[in-house]
Amino acid sequence: MPRTAFVTDATHVAHFSPGHPERPERLEAIVAHLEERGLRARMTDLPPREATDDELLAVHSAAHLATVERAAARGASLDPDTYTRPESLGIARRSAGALLVAVEAVLRGEVANTFVATRPPGHHATPERAMGFCLFNNVAIAAKAALAAGVERVAIMDWDVHHGNGTQDVFIDDARVLYVSTHASPFYPGSGDIVEVGTGAARGTNVNIPLPHSTGDAGFLAAWERVGIPALERHRPDLVLVSSGWDAHARDPLGTLNVTTDAYTRVAAVVLDAARRFCDGRVVVALEGGYDTHALAWCASGLVELLLGETPAPDPEPAPVASGSPLDALIDEVRTAVGL
C-alpha cells in the first residue's frame, strides 16, 4: 500500500490580490521544492474535487455560503484581509474538497496519511463569517465529514501562529473533537485564551496554549510535548487532522514566535508518533498560513519526509534565533485549565 498521498490544486493561481501575503507563490514554492527533492515522486497524487453545498453546510450557514458567492461574483473583499476574485469560489470549494478527498482515502485505507497543499487556508472561517484570508473552514469541514462517516473521535492539531478561532467556534461544544492550538498572544484574531476550554460535556477538549511573542523553540516544543501530546493521548482519536500553519517560523514576515524549521519538524514528529500509537497513523495535514517561501518549502519537505517514514534533511539556511525558555508556568496553567 502506498504510504503517503499528496493533494494539491493547480487552479489556485487564479486566486490572488496584488501585494497580498496570501499569494500563489506560497504554494508554488512548496510544490516546486517537493518536486526538486524527489519527494513528490514518492507520494501518491490524489485529485481534488469541489466540496458540495451539503458538505460546506455541515459547518457553515447558508447565509455565509451566499455571502461568499456574492462577493466572488463581484471580486469583492469580505473584510480588509480577505479578498475574492470571480474564480475564488470554485478554488475555495476545491481547497475544502481536497481535505475531503484526503480523509476519504485515509479512512478507506488506501493510504496511511496525506499532505494537502492547497489555498486559500481555512481555520479562521467561522460558521457565519469569512475572515483572516479564509473563505471556508477546510479542516472543520473534513472533521465533520469524518464524524458523519462513522469516526468516533477526531483530533485537530493547529500550530499556526494565529489562533484558529473558526475551528474553535465549530467544535467548542463537541466532545468528539479535540482542538489543540499553539499561537502567539496577544495577536490576531484575539481569541484563544487559556480559559476557552470547551463547554458542557466538551470541557477540556478545547486546548489553547497562547505563547508570548519571541517564544522560540524551547517553549514551542514544550507546549506540544507537555500539553498537546498528553491531550491527544487522553482523547485517543481515530483520526488526526493538522492545521499546519508555518507562520510561527522565525523567517516569517507576519509571525512573531521565532520558531525554527528544526522545531517545527520535531513537533510534527511527536504528533505523528502519537498518531501511530492511537490511530494507526491516520493523519491528514492541511496547509494553513506561512508567508516566507523558504520556510514553507523546508518545513513542508521535513513534514513529508516524516510522513514517508524518512529522516528529514536539515534546513540549509537555519534561522539564527535564540532557543528561548520552556515557559513552565504558562504550560502548568494550561494543563490545570484542561485537567491534564
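No lab work stands behind these numbers, since they all come straight from the coordinates. Predicted model only: the values in this text are computed from it and were never measured.
Looking at the stretch 202-255, the pairs of alpha carbons with a distance over 12 Å make up 73% of the total. In summary, the helical segments of the chain meeting the span-like criteria, namely a full DSSP H run, a Cα extent along the axis of 24 angstrom or more and a mean Kyte-Doolittle hydropathy of at least 0.5, are 88-107. The coefficient of translational diffusion for the chain, derived via Stokes-Einstein from the alpha carbon Kirkwood radius under 37 °C and 0.692 mPa s, stands at 169 µm²/s.
Helix-derived [θ] at 222 nm for the chain: sum -39500 (n - 2.57) over DSSP H runs of at least 4, divide by residue count, nearest 500? It would help to have the intermediate numbers written out before the result.
On the way: 11 runs with 129 residues, N = 340.
Result for the chain, helices only: -11500 deg cm²/dmol.
The phi torsions of the stretch 240-253, fed into the Karplus equation with coefficients 6.51, -1.76 and 1.60 and a -60° offset, translate into couplings of 10, 10, 10, 8, 9, x, 9, 8, 7, 5, 4, 7, 6, x Hz, rounded to whole numbers, with Gly and Pro shown as x. Per-residue Karplus couplings for the stretch 117-126, computed as 6.51 cos²θ - 1.76 cosθ + 1.60 with θ equal to phi - 60°, are listed in order as 10, 9, 8, x, x, x, 6, 8, 5, 8 Hz, Gly and Pro entered as x. When the alpha carbon gyration tensor of the stretch 234-309 is reduced to an equivalent ellipsoid, its three semi-axes come out at 24, 12, 10 angstrom, largest first.
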